[in-house]
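To start, the structure itself, in structure tokens.
The values are calculated or read from the model by the stated rules, or taken from the named source; none is laboratory data. Being a predicted model, the structure only gives us computed values, none of them experimental. Glycine also receives a Cβ, built like all others from the backbone with ideal geometry; neighbour counts cover every protein chain displayed.
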Amino acid sequence: MKIQQIHHVAYRCKDAKETVDFYTKYLNMEFMLAISEDKVPSTKANDPYMHLFLDAGNGNILAFFELPNSPDMGRDENTPQWVQHIAFQLESETALLQAKEDLEAAGIEVLGPTDHGIIKSIYLFDPNGHRLELTTTTASAEELQRLDAVKWEMLEEWTQTKKVSHKAQWLHAEEFAK
């Protein structure tokens with residue numbers, strides 16, 4: 001088996017209309033499709049839902065479910081809020097900074113930009129509380145090759161020790177020098 005690509009990633013939403021409005025208005029995603037049913041096709045459970053699909057570019061689809069008969073949605077309280085997020089690629093650092101400016105002008109709180117060494121990112125929350133990252137690649141081909149060369153060693157070191165590997169510390173060398 002060879003996976004071709006992710007067809008869609010699905011999350012829960014509090015309000016289908018509010019979610020579509022946010023993603024179409026602020027992230028310029030196209031609203032592709034809505035499916036609403038009384039029964040879940042895979043489980044046959046009686047659980048009415050609205051299932052939304054948004055075009056996230058290049059064949060990537062972001063989907064949401066509104067589940068009116070389920071308890072209010074929450075989050076995994078054992079996982080820090082910064083861990084679970086959806087990241088979207090922008091074409092350039094200029095586009096990233098413009099996105100930040102546009103979002104803030106619309107009254108949306110934005111964190112960043114944050115320099116991760118190989119990418120720069122900004123962060124915000126959608127109306128459902130999902131953390132979003134808008135990012136752009138800033139790495140050179142050489143930097144990406146350096147990371148690729150140590151990925152398996154870093155994974156093995158982490159697996160054995162559960163401690164940070166310093167094989168890619170050069171990513172934040174300037175930051176650590178301060």
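Observations on the structure shown:
- The sole residue among Glu101, Glu133 that is at pLDDT 95 or above, over 24 Å from Ala10 (Cβ atoms) and of a type in the set (D, E, K, R) is Glu101.
- Picking from residues in segment 1-26 that are modelled with pLDDT of 95 or more and among the basic types (Lys, Arg), the one that is nearest to Leu62 (Cα to Cα) is Arg12.
- Selection from segment 2-33 of residues that are touching a helix residue (DSSP H, G or I) at 6+ places or on another chain (Cβ under 8 Å) and either touching a residue at least 60 places away in the same chain (Cβ under 8 Å) or surrounded by 14 or more Cβ atoms within 10 Å (Cβ to Cβ) (or both): Cys13, Tyr26, Met29, Phe31
- Qualifying residue in segment 27-46 (condition: touching an Asp or Glu at 6+ places or on another chain (Cβ under 7 Å), at pLDDT below 95 and assigned to a strand (DSSP E or B)): yes
- Within segment 125-169, the residues that satisfy the criterion of being loosely packed, with under 11 Cβ neighbours inside 10 Å and either in contact with a strand residue (DSSP E or B) (Cβ under 7 Å, 6 or more places away or on another chain) or in a loop (DSSP other than H, G, I, E, B) (or both) are Ser140, Lys162, Lys163, His166.
- Residue, surrounded by the fewest Cβ atoms within 10 Å (Cβ to Cβ), within segment 79-116, restricted to residues that are β-branched (Val, Ile, Thr) and in contact with an Asp or Glu (Cβ under 8 Å, 6 or more places away or on another chain): Ile86
- A single entry from Leu33, Leu132, Leu62, Leu90 fulfils the requirement of being within 30 Å of Ile3 (Cα to Cα), outside the structural domain of His172 (by TED's automatic domain parsing) and more than 18 Å from the chain's Cα centre (by Cα): Leu33.
- Candidates in segment 3-58 are the residues that are aromatic (Phe, Trp, Tyr) and touching a strand residue (DSSP E or B) at 6+ places or on another chain (Cβ under 8 Å); of these, the one that is nearest to Phe125 (Cα to Cα) is Tyr23.
- Identity of the residue in segment 59-78, closer than 12 Å to Tyr11 by Cα and charged (D, E, K, R), that ends up surrounded by the fewest Cβ atoms within 10 Å (Cβ to Cβ): Arg75
- Filter result for Gln145 (closer than 22 Å to Gly57 by Cα and of a type in the set (S, T, N, Q)): no
- A single member of Ala45, Ala56 is surrounded by 15 or more Cβ atoms within 10 Å (Cβ to Cβ) and either among the acidic types (Asp, Glu) or not assigned by TED's automatic domain parsing to the domain that holds Leu124 (or both), and it is Ala56.
- Of all residues in segment 67-86, those that are under 19 Å from the mean Cα position of the chain (by Cα) and closer than 26 Å to Glu30 by Cα total 4.
- Of the residues making up segment 69-98, just one is among the aliphatic types (A, V, I, L, M), part of a loop (DSSP other than H, G, I, E, B) and modelled with pLDDT of 95 or more, namely Leu90.
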